[in-house]
1. Which of the residues that make up segment 161-217 are surrounded by fewer than 21 Cβ atoms within 10 Å (Cβ to Cβ), of a type in the set (Gly, Ala, Ser) and at pLDDT below 90?
2. Any idea which of (1) among the aliphatic types (A, V, I, L, M); (2) part of a helix (DSSP H, G or I); (3) crowded, with 22+ Cβ neighbours inside 10 Å is the one residue 120 doesn't satisfy?
3. Exactly one of (1) assigned to a loop (DSSP other than H, G, I, E, B); (2) modelled with pLDDT of 95 or more is unmet by residue 8. Its number?
4. Go through (1) over 29 Å from residue 18 (Cβ atoms); (2) part of a helix (DSSP H, G or I); (3) of a type outside the set (D, E, K, R) for residue 290 and report which single condition fails.
5. Which one is farthest from residue 93 (Cα to Cα) among residues in segment 17-63 that are surrounded by fewer than 16 Cβ atoms within 10 Å (Cβ to Cβ) and hydroxyl-bearing (Ser, Thr, Tyr)?
6. Of all residues in segment 11-55, which are small (Gly, Ala, Ser) and assigned to a helix (DSSP H, G or I)?
7. Being crowded, with 19+ Cβ neighbours inside 10 Å and not in a strand (DSSP E or B) is the filter here, so list the residues in segment 130-145 that pass it.
8. Is there any pair with a first residue in segment 269-297 that is closer than 17 Å to residue 32 by Cβ and β-branched (Val, Ile, Thr) and a second that is at pLDDT 75 or above and in a loop (DSSP other than H, G, I, E, B) whose Cβ atoms are under 8 Å apart and which are 6 or more apart or on different chains, and what are they?
Amino acid sequence: MKKIRKAVIPVAGLGTRFLPATKSIPKEMLTIVDRPTIQYIVEEVVASGIEEVILITSDGKSAIENHFDYNFELDTILKEKNKDELREELARTSSLIEIVSVRQKKPLGLGHAIWMARNVIGDEPFLVLLGDDLVRSEKPCCRQMLDLYEQVGESIVAIQRVPMEQTCQYGIVEGEALDIERTFKVSRMVEKPAPGTSDSDMAIIGRYLLMPEIFEILGTTTPGHGGEIQLTDALQALSRQRGMYAYEFTGRRYDAGDKLGYLKAIVDVAMSHPTLGEPFRQHLADICPSGCKTHQP
């Protein structure tokens, strides 16, 4: 069984759900308390033991690469002003992990974005994390998946339970529960099923562990709606070819590419922040003394 050393993070999307805020700023660089969203994603990868990140970027995303790079001018200014703590924090960020960038020249879908990493990944299994899917958990979600991989040795998709009326918003997994806790053998995948066409509430989130055969499948996948190469179609084919597992991770997941999900993520992170947490919780209590449902701005 090959060790998983690399993670792909697609960050080429336009972030239209956050316009006008994302007109000139990548959505992945929107701040959650004191760090951009993408840093939380990369830190999860690092905490899981991954050695290299491949960013799938597009035009206008250079701020993401710059964020993880060393800035000599800024470091010099901070040094002159004796801002040692800030220098240490920036040094930590720029040395988190080895990062490679690959440009996706045309917006041809998530499947195509992952396919763009084929030459960097080679013949190795790898992780995929969506750049705006934030998971808060005691053990990193990726680490949970890697631990399961050591038992099953095949592709894994992370899932969460969603209300049945929301299944039409997700890729949905159908499968049989196994003796391994929180684990299912995938029998079928459906992308945003119409109401009544699936009785499963297991929704795929932005964490995948994939075998390298996915690249060959993606390379021959016919573009679907909007001319995009859909990842779910390729995952279904991979599951038939080699088998696939779904894992119901432990933790809280936020879609930080959605306005409400982004706000929820900010509140969660702020409430547990080592220096801001206590005063922020007090602020919430002050403005919502009877519960936030009754609060009026």
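The values are calculated or read from the model by the stated rules, or taken from the named source; none is laboratory data. The shown structure was predicted, so the numbers you read here are calculated from the model rather than taken from an experiment. Cβ placement follows ideal geometry from the backbone for every residue including glycine, while neighbour counts extend to all protein chains displayed.
1. 194, 196, 198
2. Every condition holds for residue 120 apart from (3).
3. (1)
4. Checking residue 290 against (1) over 29 Å from residue 18 (Cβ atoms); (2) part of a helix (DSSP H, G or I); (3) of a type outside the set (D, E, K, R), the one that fails is (2).
5. Per the stated criteria, the residue is 24.
6. 47
7. Hits for segment 130-145 are 130, 131, 132, 140, 141, 142, 144, 145.
8. 269/33
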